[in-house]
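The values are calculated or read from the model by the stated rules, or taken from the named source; none is laboratory data. What you see is a predicted model; the values in this text were computed from it and never measured. Cβ coordinates were reconstructed from backbone atoms using ideal geometry, including for glycine residues, and neighbour counts include every protein chain displayed.
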Amino acid sequence: MREISKKLRKIAISPILLLLAISISVSLAAVPAFGYELVVPGDEDGDLIVSDEELEAAQASLDAGKITDEELAKIEHIHDNYPRTVVDTEGREVTFYKPVERIITREPDTCRIVVALGDGDKVVASEQAVKSCLCPTTFETFEEGCLECYNSILGGRLADLPETSTRYDIYYELIASLNPDVIITSGTTNVQDFETKIGCPVVVAGGDGWNYSRDDGLYGMIEVIGDVLERGEEAEELIGLVESKIDMIGSVTDSIDESERPKVYFAPRGAKLGFYDPKEGRDFTRTFTDYDPLEIAGGKNVAEGAEGYEINVAVEQIIAWNPDYIFVACSTPEDAEVIDWIKSSPDLQSIAAVQNGNVYNCFYPHCRGRPADRSLLNMIYMAKLLHPDEFSDLDLEKEGNEIFKAFLGVDGVFTEYADYLVWPREWLNAQ
């Protein structure tokens, strides 16, 4: 099998053979536009595999003082473990010929997992929004928010991290110039372009940050990235931490009868523009039909069973649902002001949540993706609000700091986040 892999790889990387193959069959892939070149330490014959003979040659080079012990150890590791094939969340087989040392992530969610697994120092670039979305800040404004986190994460490199794309554009030449060992993306949209224009391995690590499963969920994303980075043990530890938080809440709420679960309307896009934002097509009247953190927290989602997933509904529908609680996502201190607007809205006065004063801010579960850490915060916070007696001893600030530390590697992020948003600090002080 190893000899077959050698031959196939020789064909794949030889420009002459590629041109010949293209002249015969237009169905074969084009040569990468920017001339990506893969060099494997210890590989002397260009087949990208360190053979037994090449390992012996490396040992001789060490004895002759031509390479260091560290370089030999790297060659030995490649000899023993590579090539290796990773199966991504789309079922694509991606082969690596050496350990990944230079990573480009396509979005904050995948970058967050790379950081959580301990390889943030290998991230050489990412999408524009990663600067706003790893550490909670006001979007594209880096003078307020979790600044200790912002200045600490990635070894203090976040502010200067190259931006390889925006919401609308991808800078292929910049990506190629950074010579990545892998591009990690959560979707398939641009995979073919990356493979043909850049040429380096592209891994799809899709998954929903609040879907706690391996199929299309957070765990699948963590496992694939862990496999790419040879961080399988760290991946299982991170999944274990998430499961421990879910078990902490679910072990209590699973026993609550369906009839005793409060009905909840969740506005995950906030309400700062009123009932409906015609530009983005979302605001207070946009909701989820399924949000695992809310259900684990012991709430009954009033939109459950409606057709679709993230849907716009009429105000009249929210009134008809008559929720006992309303949660409105908040990403900046100014967003918190909408709570008074909702409570005083003439259109909503018949709703039980408004009548009883059970309208609350919650943590914004989006940021150019679906950050897993903030939805875990929502799960714990919602549980304390919906079932205060059962969770009276649960320390949200302690749990929040632990969650952020696990994902971002920085201490005290929740404490800073609570102070920045103001309302979590006021709510915590009132407990």
- Those residues that are of a type in the set (A, V, I, L, M, F, W, C), within 14 Å of the chain's Cα centre (by Cα) and within 16 Å of Arg84 (Cα to Cα), I need them from the stretch 204-253; list them, please. Val224, Ile225
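Determine, yes or no, whether Ile22 is modelled with pLDDT under 95, not in a loop (DSSP other than H, G, I, E, B) and not assigned by TED's automatic domain parsing to the domain that holds Met221. Spell out the reasoning first.
Details: modelled with pLDDT under 95: yes; not in a loop (DSSP other than H, G, I, E, B): yes; not assigned by TED's automatic domain parsing to the domain that holds Met221: yes.
Yes.
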- Message: Can you pull out every residue in the stretch 406-431 that is modelled with pLDDT of 95 or more and not in a helix (DSSP H, G or I)?
- Response: Gly409, Val410, Asp411, Gly412, Val422
- Item | Where a residue in the stretch 374-386 is over 19 Å from Pro108 (Cα atoms) and its partner, wherever it lies, is buried (at least 23 other Cβ atoms within 10 Å of the Cβ) and β-branched (Val, Ile, Thr), with Cβ under 6 Å and at least six apart | Met379/Ile249; Met379/Ile296; Ala383/Ile249
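Being buried (at least 23 other Cβ atoms within 10 Å of the Cβ), hydrophobic (A, V, I, L, M, F, W, C) and within 20 Å of Leu161 (Cβ to Cβ) is the requirement here; does Val228 meet it? Explain how you work it out, then say what you get.
Numbers: buried (at least 23 other Cβ atoms within 10 Å of the Cβ): yes; hydrophobic (A, V, I, L, M, F, W, C): yes; within 20 Å of Leu161 (Cβ to Cβ): yes.
When the stated conditions are applied, Val228 passes them.
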- Item | the stretch 167-197 - residue that is closer than 21 Å to Val87 by Cβ and among the hydrophobic types (A, V, I, L, M, F, W, C) and, of those, surrounded by the fewest Cβ atoms within 10 Å (Cβ to Cβ) | Val191
- Query: Somewhere in the stretch 218-227, is a residue small (Gly, Ala, Ser), in contact with a helix residue (DSSP H, G or I) (Cβ under 8 Å, 6 or more places away or on another chain) and not assigned by TED's automatic domain parsing to the domain that holds Phe363?
  - Reply: yes
- Within the stretch 365-395, how many residues turn out to be more than 23 Å from the chain's Cα centre (by Cα) and buried (at least 16 other Cβ atoms within 10 Å of the Cβ)? 8
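For the stretch 79-99: of the residues being part of a loop (DSSP other than H, G, I, E, B) and under 16 Å from Gly232 (Cβ atoms), which is farthest from the chain's Cα centre (by Cα)? Please lay out each step first, then the result.
The initial filter retains those residues of the stretch 79-99 that are part of a loop (DSSP other than H, G, I, E, B), namely 82-83, 88-92, 97-99.
Checking the rest, the ones that are also under 16 Å from Gly232 (Cβ atoms) come to 82, 88-89, 99.
Working: Tyr82: 27, Asp88: 15, Thr89: 14, Pro99: 22 Å.
Once the filter is applied, the top-ranked residue is Tyr82.
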- Message: Need the failing condition index for Pro99 against (1) in contact with an Asp or Glu (Cβ under 9 Å, 6 or more places away or on another chain); (2) crowded, with 22+ Cβ neighbours inside 10 Å, just the number.
- Response: (2)
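Looking only at strands (runs of 3 or more DSSP E) that lie completely in the stretch 266-364, which have at least 1 residues being crowded, with 19+ Cβ neighbours inside 10 Å?
Working: elements: 286-288, 310-312, 325-330, 359-363.
Hits in the stretch 266-364: 286-288, 325-330, 359-363.
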- Failed item in (1) in contact with a Lys or Arg (Cβ under 7 Å, 6 or more places away or on another chain); (2) of a type in the set (Gly, Ala, Ser); (3) more than 19 Å from Gly369 (Cα to Cα), with Ala329 passing the rest: (3)
- Message: Lys74 - would you say it is basic (Lys, Arg), under 10 Å from Pro41 (Cβ atoms) and in a loop (DSSP other than H, G, I, E, B)?
- Response: no
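How do the helices (runs of 4 or more DSSP H) wholly within the stretch 104-191 filter down when requiring 1 or more residues that are farther than 29 Å from Thr415 by Cβ and at pLDDT 95 or above: which remain? Talk me through it step by step, then tell me what you get.
On the way: elements: 108-116, 130-133, 147-152, 172-177.
Passing ranges, in order: 172-177.
Looking only at residues that are of a type in the set (Asp, Glu) and part of a helix (DSSP H, G or I) in the stretch 376-405, which one is farthest from Val242 (Cα to Cα)? Step through it out loud before you land on a result.
Start the filter on the stretch 376-405 by keeping residues that are of a type in the set (Asp, Glu), which leaves 389-390, 393, 395, 397, 399, 402.
Remaining after also requiring part of a helix (DSSP H, G or I): 397, 399, 402.
On the way: Glu397: 16, Glu399: 11, Glu402: 11 Å.
Checking each candidate, the answer is Glu397.
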